[in-house]
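To start, the structure itself, in structure tokens.
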Amino acid sequence: MKRFVALLALVCLIGFAARPAAAQSILRDAETEALFADMSRPIIEAAGLEPDNVRVVLIQDPSINAFVAGGQTVYIHSGLLDAATNVNEVQGVIAHELGHIVAGHVPLRNSGGAGAISILSMVLGVVAVAAGAPEAGTGILMAGSRAAIGKYLAYSRSQEATADAAGVRFLNTAGVNGRGMLEFFKKLQNLEYRLAVPQEDSYERSHPLSGERISALTADLEGAPSWNRATDPELEQRFQRVQAKLRGYVNDPQATLRLYPTSNQSIPAHYARAYAYHKSGYPSQAAAEAAALVQAAPDDAYFLELEGQILLESGHAEEALEPLRIAVEKTSYQPLIATLFGHALIATEDPANLREAERVLRQAVARDRENPSAWYNLAIVYERTGDRARTALAMAERASLIGDSAVAAASARTAMAGLEEGSPDWIRAQDVLMVSRNALQEERGDRSRTPEDLQ
């Protein structure tokens, strides 16, 4: 969870079209993404995949779910991270989702997350199928055959069982304890009990019953040499930090303060309260919690990032520069932290800081182009220095990332008009224009294209 860039280091970067009626947002935070990479790396390698090509992405959604939607990206809901007891449970979920990726499973229903293959879906028959994916549901209903529905659900259950088995194999090969996978399925089983989900059979379900999954997987997990292997304490400690900061960011502040009362002086508690106080408009209390973290570990880049974030968002941009500059240096210019630092440099309103801001932000987008906030701040720098063409190019990049194809195309066209033809920036603007025009044509349902479209 890379730094919560919008309100305290966890920034909602791009609208995620998983559910049109209630769009989800990707949450990015430097510390969280580093944790995801480290906790999943051995499992990814055991799956025969290249860690650099696999992403574990956090999306803001209170439901307990995780899914894949094509490609090599695992999406985890914030509700799942909140509900997990330990890092090992989340590793079990990731292992299952990697099973879908390795098996080449494709979403069985359309429209992103609501129709993607997921570990925790509780779809119960025709009504849920139709509600989750109107196109697929309507198609099945028009077939007028319960046998067709049964075949569809059986196919889905088969994929889930395959992913379960693959996940077990990956955990055992990686030497990761499989207790977390079983414990998480037990949580789902308890949820099924609370929701009064029939336990007789899973015929009308897209997923096997959690009890069935536990029975099928227990022997293979318990028989592995890693069954009694303890989780790395440092990894677990990092998870508790990330979970606490996430709770402070996404949950109701009062609920967070009840869960982490001031009598709790642990690092996760300070983290959670800092976000809760900042979110609810108590900058002094938030700053005090951040100061306690920095005092406990003065060299911790993420604590310094948090301190700088609170200062910046409390209107003290100049004071935020020192902790943020140190955090950037200690993380070797981690892109999300560098973006926050660039923002702070701009917020000082000092023209002397614009050159450093440009350098920092250019490094950020060079290492992570999928960061709308970085592109927006870079556009501000270019605008203030009078570089209109690159202002337009940066805005085109941002608009393309957030799905505003019309603005992306118009901005790219403006950029091309002011850049030297054939230069790297001109070529990039042309690429953005072509992609944006294709997206607009798809939105119109018109895939025809004339040469003038590329001008």
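The values are calculated or read from the model by the stated rules, or taken from the named source; none is laboratory data. None of the values given here were measured: they were computed from a predicted structure. Cβ coordinates were reconstructed from backbone atoms using ideal geometry, including for glycine residues, and neighbour counts include every protein chain displayed. For accessibility, only protein heavy atoms count, side chains too; no ligands or nucleic acids. Shrake-Rupley method; radii C 1.70, N 1.55, O 1.52, S 1.80 Å.
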Amide H partners (placed H, <5 Å) of V57, local residues excluded: V74, Y75, I76
In nm, spacing of pseudo-spin labels at R388 and K330 (7 Å Cα→C-beta vector): 4.4 nm
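With r defined as the distance between the Cβ atoms of I402 and A216 and R0 fixed at 45 Å, what FRET efficiency is calculated, to the nearest 0.05? Mind showing how you got there, number by number?
Working: r = 42 Å, r/R0 = 0.94.
Computed FRET efficiency for I402 and A216 comes out at 0.60.
At 0.36 nm per residue, and after removing the present C-alpha to C-alpha distance, how many nm does the segment from E349 to V435 gain when stretched out fully?
Working: separation 86, 0.36 × 86 = 30.96 nm, distance 3.48 nm.
Gain on stretching E349 to V435: 27.5 nm.
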Label-point gap, in nm, between R194 and S284 - each point 7 angstrom along Cα→Cβ: 3.8 nm
Taking segment 242-401 and dividing mean pair separation by its residue count, relative contact order in percent (alpha carbons under 8 Å, at least six apart): 12 percent
Accessible surface of D299 - all protein chains present, 1.4 Å probe, nearest 10 Å²: 110 Å²
Where segment 50-93 is the region considered: accessible area per residue in Å², 1.4 Å probe: 31 Å²
Solvent-accessible area of E319 with every protein chain in place, 1.4 Å probe, in Å² to the nearest 10: 110 Å²
Accessible area, probe 1.4 Å, largest first, for residues D220, D164, D300: D220, D300, D164
Point-to-point label distance, D232-Q72, nm (Cα→Cβ direction, 7 Å offset): 2.0 nm
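With a 1.4 Å probe and every protein chain kept in, tell me what percent of the accessible surface of segment 316-391 is carbon plus sulfur. Don't skip to the answer; put the middle values down first.
Values: 1580 of 3560 Å².
Exposed carbon and sulfur together represent 45 percent of the surface.
Counting only protein heavy atoms and a 1.4 Å probe, tell me what percentage of segment 44-110's accessible area is made up of carbon and sulfur.
Roughly 43 percent, rounded to a whole number.
List the relative contact order of segment 227-302 as a percent without decimals, with contacts defined as Cα pairs under 8 Å and 6+ residues apart. Walk me through the numbers on the way to the answer.
On the way: 69 pairs, mean separation 19.4, N = 76.
Worked out over segment 227-302, it gives 26 percent.
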Heavy-atom accessible area order for S25, S40, S158, largest first, 1.4 Å probe: S158, S25, S40
